[in-house]
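The values are calculated or read from the model by the stated rules, or taken from the named source; none is laboratory data. This structure is a prediction, so every number in the text was calculated from the model and none was measured. Positions of Cβ are backbone-derived with ideal geometry, glycine not excepted, and every protein chain shown enters the neighbour counts. Keep in mind that these areas ignore ligands, DNA and RNA; they rest on the heavy atoms of the full protein, side chains included. Shrake-Rupley method; radii C 1.70, N 1.55, O 1.52, S 1.80 Å.
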Amino acid sequence: IATSFSDVSGYHKHNKAIQSLTSSGVINGYNDGTFKPEKTITRAEAVKLIVAIVKSEDDVYNAKVDLYLQNSVLPFFDIRVEDWHAPYISIAHQNSVVKGYSDGYFRPNKTINFAEGLKIILEGYNTNANLTRFQKKDFLYINGDDWFGRYFTYVYNKNLINRAKFYHPAQAMTRG
């Protein structure tokens, strides 16, 4: 199995996914020929990833035009029209994929944790995971009153996560 990144061997656990998303133009490596699969991912990068997968390039272009022409309003104090991630975050917000923080900020450069990433992925795909009832699972650090409990229950019930692996909602997500 060939790879196009010097730090992602053909046997790397995420090689297939990285190659697939790279070849489809959803993600990129770095100018030095690396991918850095163990590097953490920001909230803006995670939103860009899911929007680029579920929406067309035309949708992103139209969102960018709408922002520049002020046909739509940026919903967060810390997102500017000229930010590379603005159209992606705008689309995600309009489609109820992200809400941001209660203080009106999105914090695009903050590392995203597993719970936030899981929510963005599931909401991006319109899974209706938010309607899932929480079920206690022994290997998860989750309580019934945690906002993310239903998302973990959904992926567990659908066999979308490894049931033998330990998951913590605050665990930082990586590029891999």
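Taken about its Cα centre, the chain carries a charge dipole of roughly 700 debye when the Cβ of each Lys and Arg holds +1 and the Cβ of each Asp and Glu holds -1.
For the pairs 55/136; 13/119; 13/64, note any where the Cα-Cα span goes beyond 32 Å. Where the Cα-Cα span goes over 32 Å, the pairs concerned are 55/136; 13/64. Overall, segment 53-135 carries a charge dipole of about 340 debye about its Cα centre when +1 sits on the Cβ of Lys and Arg and -1 on the Cβ of Asp and Glu, all other atoms neutral.
Computing semi-axes √(5λ) of the Cα gyration tensor in Å for the structure here picks out one of (i) 41, 20, 13; (ii) 30, 18, 13; (iii) 26, 24, 14, namely (iii).
Here the peptides 146-158, 22-34, 70-82 are ranked by packing, the mean other Cβ count within 10 Å, and the order with the highest first is 146-158, 70-82, 22-34. Place a point 7 Å from Cα of residue 36 in the direction of its Cβ. Which residues in segment 99-122 have their backbone N less than 19 Å from it? Correct set: 108-114.
Relative contact order, whole percent, for the chain stands at 23, derived from Cα pairs under 8 Å and 6 or more residues apart. Solvent exposure of segment 59-176 amounts to 59 Å² per residue of accessible area, where only protein heavy atoms count and the probe is 1.4 Å.
With a 1.4 Å probe and every protein chain kept in, tell me what percent of the accessible surface of segment 75-176 is carbon plus sulfur. Summing carbon and sulfur atoms, their accessible area is 47 percent of the total for segment 75-176.
Return the FRET efficiency for the residue pair residue 13, residue 70: r is the Cβ-Cβ distance, R0 is 41 Å, and the value is rounded to the nearest 0.05.
Calculated transfer efficiency: 0.40.
When the chain is described by a simple charge dipole with +1 on each Lys and Arg Cβ and -1 on each Asp and Glu Cβ, the residue from 37, 63, 73 located farthest towards its positive end is 37.
Rounded, prolate or oblate, given the Cα gyration tensor of segment 1-66, with a/c below 1.5 counting as rounded? It comes out prolate by the Cα gyration axes.
With only alpha-carbon pairs counted, each pair once and no self-pairs, how large is the Kirkwood hydrodynamic radius of segment 68-156 in angstroms?
For segment 68-156, inverting the mean 1/r across all distinct Cα pairs yields 14.4 Å.
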